[in-house]
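The values are calculated or read from the model by the stated rules, or taken from the named source; none is laboratory data. None of the values given here were measured: they were computed from a predicted structure. Glycine also receives a Cβ, built like all others from the backbone with ideal geometry; neighbour counts cover every protein chain displayed.
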Amino acid sequence: MTTNTKEIVVRALHTTQGGGVDVYAFFIGGADITKLADISRIERDAKDTLKGFQRPEIRSHVKGIVEYLNQGNVLFPNAIILAMSPDVRFVAARGSKPTGDMGISQAGTLTIPVFEEGARVAWIVDGQQRSLALAQARNSAIPVPVIGFVSDSIDIQREQFILVNKAKPLPTRLINELLPETSGILLPRELNARRVPSELCSLLNRDPHSPFHRLIKRMTDRSVSTAVITDTAVITMIRNSLNNPLGALAAYKAARANEAADVEAMYRVLLTFWSAVRDVFPDAWGCDPRQSRLMHSAGIEAMGVLMDRIYAKLSGVSEDYKTVRGELESVAPRCAWTKGHWESLGVGWNEIQNTPRDIKRLQDALVRAYANQVKK
């Protein structure tokens, strides 16, 4: 390996995957990784567009790796995965192939340009904590294995980031926020199933006409003071409706594997129902969960079950805002979101907690109240 201020040159093996994507395997000095690769932090810009994919640095984790590396002659075989731009150059080595070579890869020389931070030729997909630690370690020349694939598509980079990390302790909320921003055609079935709820959650939070506009807490919205509802609660509410055969959103799921879900129709249902919820309970809407159990995870999930019951009754009749609001108003007198008691439960309004037991009891209370009104 040779190094100068403008490029890094290494011996590498080259192969292709995924319909012609160039993939390289090579070794590099540990401290050089952060010289050629940027860390693409997940954040939103002024236009609310999601940028990057990496979670914030975990300092304690980095410190622990540095302490290990500084012990001396240590073994560090864990590969760093990079997404590399087409600016890298590979020249195959000349000569005949060894006897018995299966032809899976080709040896050669890989030249990687070195640019300023923020404009580098590669991005770290997996191994940001290790890369940061290697840059700080005393043994900066320790050879580290690297796997690099050539793609400047942020969608592909995000997909690979999710796939690499889905079996690791990656925050669920981070995956939820990234999923709607990927094309997803190569994602496993369980991740594809999580995409639609995550996409709908993002739409509800971004749309100025949505009752949830800027009220949902997302990992990239730490500075939004109006956010009071966790994205996990909203996504769970949506997922429950999709998984319920009689759910308000279930009818719009993809009927076959090669078909797409009708996300627009799902969004219209959510917009109509939750706009009516906001208007029927104006004093409870948009408040901190400590002041309103409607904004609590238990309230959001329980009201999602009531949404399914209301739409099951209205199916094939009228599902417009006025009708949905009328159905909710029939239940409103039995609700205690900000004061009083839930008479059917025998508990005060602020005694409802985010536990499976309390959520189930609250769901049952709302469904019973609605059923009793329907009978009258």
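Against the criterion of being under 15 Å from residue 7 (Cβ atoms) and either hydroxyl-bearing (Ser, Thr, Tyr) or assigned by TED's automatic domain parsing to the domain that holds residue 27 (or both), residue 101 does not qualify.
A single member of 92, 133, 107, 79 is within 18 Å of residue 11 (Cβ to Cβ), within 27 Å of the chain's Cα centre (by Cα) and modelled with pLDDT of 85 or more, and it is 79. With a requirement of 3 or more residues that are farther than 23 Å from residue 210 by Cα and modelled with pLDDT under 95, the helices (runs of 4 or more DSSP H) lying completely within region 264-376 that satisfy it span 356-375.
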